[in-house]
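Here the structure comes first, spelled out in structure tokens, and everything after it is commentary.
The values are calculated or read from the model by the stated rules, or taken from the named source; none is laboratory data. Note that this is a predicted model, so its numbers are computed, not measured. Cβ atoms come from the backbone with ideal geometry, glycine included; neighbour counts cover every protein chain shown. Side chains are part of the model used for accessible areas, which takes the heavy atoms of the whole protein and leaves out ligands, DNA and RNA. Shrake-Rupley method; radii C 1.70, N 1.55, O 1.52, S 1.80 Å.
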Amino acid sequence: MPLPGQLEPRGPEPGRYGYAILGAGCAGLSLCHYLLERGVEEPILILDRKGAFADDRTWCFWDVEQTPFSGRAVRRWSSWAVRAEGREIVHTSGRYPYLCLTGADFYEDALEKISAHDNVTVRLGEDVRSAKELDDGVLVVTSAGSYLAENVFDARGLPPDSTVLQEARRGGTWISQQFLGLRLRANRPVFDPDTCTLMDFSVDQGRGLRFAYVLPFDGREALVENVYLTETGAPPEAHRHELADYLRGRYGLLEGDYEVHGEEWGEIPMTAHRFPRRIGARTHVIGTLGGETRPSTGYTFLRVQRYCRALAAGLTGAGGAPETVHPWRYGPLDRVFLRLLRERPESCPGIYARMFAGTPPDPLVRFLTERSTLPDDARLIGALPKLPFLRMAAGEAIDYAREDL
Ligand SMILES: Cc1cc2nc3c(=O)[nH]c(=O)nc-3n(C[C@H](O)[C@H](O)[C@H](O)COP(=O)(O)OP(=O)(O)OC[C@H]3O[C@@H](n4cnc5c(N)ncnc54)[C@H](O)[C@@H]3O)c2cc1C
């Protein structure tokens, strides 16, 4: 995907940028958009080590609030299903559809919005090596040069080999949401285009907690993912075999019955580790590197939008501390859920089935997107089995007390 010409480096390099954003992914581009929306006119520099933007992921999230990018969603499902323990629970909500935004559409939309302003430069192919706070700004050193900026936003994500992630793994409860998805077209209509499958636990659980995720674009086309919620996951070849089994078992599709147009691989760390949001007076950390992934679900996109919007407002004098956009009360339940996923994975398919069956769709979506009311929370907690959660909560409390000693 080409970079709009207006964003290419041009003219003399400014002696100092107002803002430097390290990483042109979801958080970096979103923050840039929100800063511009707030009227920022100082020069903004975005640096990324990738050479080009690619259609490298598919974002899904519930449409509980407007985001600048939701209009580009390629698909909206009002019904979604969870399959576990021999039953299928299908929920329908006209109020909160589940949206799907392709990586290509997000990058194109964000770059288009940003390029409408003439104060942004994007430099691709530059690996950021360091960002050091000096008296008069932050010195950012890359593989190609160095830049001075008044404020820096580190949005370099959390790749599996990152040192920050290794530290998070040592420091607390975590699991990895590892998945491989196939973008495929079947030779006959087999998918129900009106209902996406959020979690299908009817697959073999021998290698650890695993489910299939199906986003049907029409009767023939779908993104079908094989997802592990474990410490180690599985090699790509095992994912491909398991997907072939799933397509055969659920849809009767043999390997010659569909064409694969692309693959999507991801590892989303789910952890209760507290990532620093700020390093020094001028350096902010945003996106997954700032701990934006919800520990119990892996959903990140909406949280990134909320935080970046609030941060831009705060920096331009129109808002308070951005941390308050994520209500604290979800934290303890997230930690307990995460612990259950790690320590009692065999109980989780049944627990998800009870949670989905016992909670009406709108309160459930509000809970999953951290927008629930107290009565919503009470309904959801009422649907969950109490004993396993109490055991996990006790474990959390003991660990918490130990950390304080
Ligand atoms: C395949 C996939 C699918 C996902 N689907 C969903 C979903 O459906 N819903 C949801 O809510 N969340 C989803 N997520 C989780 C999350 O929303 C994404 O990971 C999101 O892209 C995180 O945004 P980010 O800006 O933190 O990181 P990224 O978008 O990964 O951006 C980081 C950027 O930093 C650059 N970078 C890294 N190191 C350097 C360096 N040293 N120098 C310069 N640049 C560097 C990278 O090239 C990259 O462009 C998904 C994640 C993946 C991987």
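Key figures
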{"read-out": "Which numbered condition L7 misses (of (1) open to solvent by less than 30 Å² (accessible area, probe 1.4 Å); (2) away from the ligand (no atom under 15 Å from the Cβ); (3) in contact with a Leu (Cβ under 7 Å, 6 or more places away or on another chain))", "value": "(2)"}
{"read-out": "Failed criterion for R339 (all others in (1) among the charged types (D, E, K, R); (2) open to solvent by 40 Å² or more (accessible area, probe 1.4 Å); (3) under 20 Å from the mean Cα position of the chain (by Cα) hold)", "value": "(2)"}
{"read-out": "Options T373, T324: the member that is open to solvent by 50 Å² or more (accessible area, probe 1.4 Å), under 24 Å from the mean Cα position of the chain (by Cα) and at pLDDT below 90", "value": "T324"}
{"read-out": "Single match in D161, D135 (criterion: of a type in the set (D, E, K, R), within 19 Å of the chain's Cα centre (by Cα) and either away from the ligand (no atom under 11 Å from the Cβ) or surrounded by fewer than 23 Cβ atoms within 10 Å (Cβ to Cβ) (or both))", "value": "D161"}
{"read-out": "Strands (runs of 3 or more DSSP E) lying entirely in the range 58-100 (those with 1 or more residues that are in contact with a His (Cβ under 8 Å, 6 or more places away or on another chain))", "value": "79-84"}
{"read-out": "Filtered residue count, the range 181-206, keeping only those that are exposed (fewer than 14 other Cβ atoms within 10 Å of the Cβ) and within 25 Å of the chain's Cα centre (by Cα)", "value": "1"}
{"read-out": "Members of the range 287-313 found to be within 16 Å of S70 (Cα to Cα) and hydrophobic (A, V, I, L, M, F, W, C), listed by number", "value": "F301, L302, V304, C308"}
{"read-out": "Which numbered condition R156 misses (of (1) of a type in the set (K, R); (2) part of a strand (DSSP E or B); (3) surrounded by 20 or more Cβ atoms within 10 Å (Cβ to Cβ))", "value": "(2)"}
{"read-out": "Some residue of the range 99-121 being more than 18 Å from L7 (Cα to Cα), more than 9 Å from the ligand (Cβ to nearest atom), buried (at least 19 other Cβ atoms within 10 Å of the Cβ) and under 18 Å from the mean Cα position of the chain (by Cα)", "value": "yes"}
{"read-out": "Condition check for Y96: of a type in the set (S, T, Y), touching a helix residue (DSSP H, G or I) at 6+ places or on another chain (Cβ under 7 Å), farther than 30 Å from V214 by Cβ and within 15 Å of the ligand (Cβ to nearest atom)", "value": "no"}
{"read-out": "Candidates T288, T293, T316 - the one that is more than 15 Å from the ligand (Cβ to nearest atom) and of a type in the set (S, T, N, Q)", "value": "T316"}
{"read-out": "Which listed residue, of L47, L31, is part of a strand (DSSP E or B), under 29 Å from E267 (Cβ atoms) and open to solvent by less than 10 Å² (accessible area, probe 1.4 Å)", "value": "L47"}
{"read-out": "Hits in the range 207-257 (condition: of a type in the set (F, W, Y), more than 24 Å from the chain's Cα centre (by Cα) and open to solvent by less than 30 Å² (accessible area, probe 1.4 Å))", "value": "Y246"}
{"read-out": "Unmet criterion (only one of (1) away from the ligand (no atom under 12 Å from the Cβ); (2) over 14 Å from Q305 (Cα atoms); (3) surrounded by fewer than 24 Cβ atoms within 10 Å (Cβ to Cβ)) for E37", "value": "(2)"}
{"read-out": "Residue count, the range 265-283 (criterion: within 14 Å of the ligand (Cβ to nearest atom) and touching a Leu at 6+ places or on another chain (Cβ under 7 Å))", "value": "4"}
{"read-out": "In the range 333-362, the residues that are in contact with a Cys (Cβ under 8 Å, 6 or more places away or on another chain) and in contact (Cβ under 8 Å) with a residue 60 or more places away in the chain", "value": "L341"}
{"read-out": "Test: residue in the range 314-332 that is out of contact with any Leu (no Cβ under 7 Å at 6 or more places or on another chain), farther than 27 Å from T163 by Cα, part of a loop (DSSP other than H, G, I, E, B) and among the hydrophobic types (A, V, I, L, M, F, W, C)", "value": "yes"}
{"read-out": "Selection status of P216, out of contact with any helix residue (DSSP H, G or I) (no Cβ under 6 Å at 6 or more places or on another chain), within 16 Å of the ligand (Cβ to nearest atom) and over 29 Å from S93 (Cα atoms)", "value": "no"}
{"read-out": "Unique match (being more than 16 Å from the ligand (Cβ to nearest atom), of a type outside the set (D, E) and touching a residue at least 24 places away in the same chain (Cβ under 8 Å)) among V227, V190", "value": "V190"}
{"read-out": "Test: residue in the range 379-400 that is open to solvent by 30 Å² or more (accessible area, probe 1.4 Å), among the small types (G, A, S), free of Cβ contacts under 8 Å to residues at least 24 places away in the same chain and more than 21 Å from F301 (Cα to Cα)", "value": "yes"}
